[in-house]
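Comments concern the structure below.
The values are calculated or read from the model by the stated rules, or taken from the named source; none is laboratory data. Here the structure is a predicted model, which means the values were calculated and not measured. As a convention, Cβ positions derive from the backbone with ideal geometry for all residues, glycine included, and neighbour counts pool all protein chains shown.
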Amino acid sequence: MIYISFGTVLKKPKLFHNCIEALKDSPFEVIMSVGDEKNVTLFQNTPEHFHIKASVPQLEVLQNTDVFITHGGMNSVSESIYFEVPMVLMPQHSEQNLVARRARETGVGLRPDSVKPKDIRIAVERVLENKEQYKKNLRMIADSFRTAGGPEKAADKIEEVIDQL
C-alpha cells in the first residue's frame, strides 16, 4: 500500500493530482488523505485503487504501508520511522526541506527530482526496489526511538536541566 498525506496545514491539490497521475497504473492500493471533506470532491474519476479520504488514522495506516509520500513534517517523519516505512518526501517549506535532506542522508527516504508525476513515480519505484536497505536503516533509527525512554525520560531530562538553571 502507498499512503499519501501532506499534513494538516498546507493543502496543494496540484501535488495530489500529480501523485494520482504518477501512480494511476500502480499495482498498489493508494490511500490519500486530503485534509478536508470539501477537498475530497476535487478528486473525481480517480482509478479504483485510490481511496481518497479527508483524514485517516495515520498511525494505523502506517502499520500497513509500503511507501509513505509525505511533506516531510517532523511528526509524520517520526511516525514513519517508528513504523519503519520508507518515505518519498515532497517538502512544502524550509524546515521540511531540512528534514527531507536528513531523511536522504540517513537512508530512510528520498526526495524526487521534482513534483512532476514522472519524478514521483521514479522515486516510489526506487524506494520499492531498495526497500530492504531502507527498512534496515529505518529499523536502526526506530530501535533508538523505542529504547530512548519515552515521555517519562524526556520529562526527567527537562526537570534535570531546569534544576541546573
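Restricting attention to the range 36-74, the residues being among the small types (Gly, Ala, Ser) and under 23 Å from Asp119 (Cβ atoms) number 2.
So how many residues does the range 68-125 have that are acidic (Asp, Glu) and not in a helix (DSSP H, G or I)? Before the answer, list the steps.
Taking the range 68-125 first, the residues acidic (Asp, Glu) are 79, 84, 95, 105, 113, 119, 125.
Still in the list and also not in a helix (DSSP H, G or I): 84, 113.
Here the count works out to 2.
Of all positions in the range 92-99, none carries a residue that is modelled with pLDDT of 95 or more and within 24 Å of Met32 (Cα to Cα). Summed over the range 23-47, residues that are surrounded by fewer than 15 Cβ atoms within 10 Å (Cβ to Cβ) and either assigned to a loop (DSSP other than H, G, I, E, B) or among the polar types (S, T, N, Q) (or both) total 9. The set of residues from the range 48-62 being outside any strand (DSSP E or B) and either touching a strand residue (DSSP E or B) at 6+ places or on another chain (Cβ under 7 Å) or surrounded by 13 or more Cβ atoms within 10 Å (Cβ to Cβ) (or both) comprises His49, Ser55, Val56, Gln58, Val61, Leu62. Can you confirm whether the range 131-139 contains a residue that is of a type in the set (S, T, N, Q) and in a helix (DSSP H, G or I)? Yes: one or more hits.
On inspection, Leu15 does not qualify as over 10 Å from the mean Cα position of the chain (by Cα), in a loop (DSSP other than H, G, I, E, B), surrounded by fewer than 22 Cβ atoms within 10 Å (Cβ to Cβ) and of a type outside the set (S, T, N, Q). Comparison of Ser78, Ser5, Ser114 shows that the only residue that is within 24 Å of Thr147 (Cα to Cα) and of a type in the set (Ser, Thr, Tyr) is Ser78. Looking across the range 1-47 at every residue that is among the aromatic types (Phe, Trp, Tyr) and in contact with a His (Cβ under 8 Å, 6 or more places away or on another chain), the one that is modelled with the highest pLDDT is identified as Phe28. Consider the range 80-118 and keep the residues that are of a type in the set (Asp, Glu) and free of Cβ contacts under 8 Å to residues at least 24 places away in the same chain. The one that is farthest from Leu15 (Cα to Cα) is Glu105.
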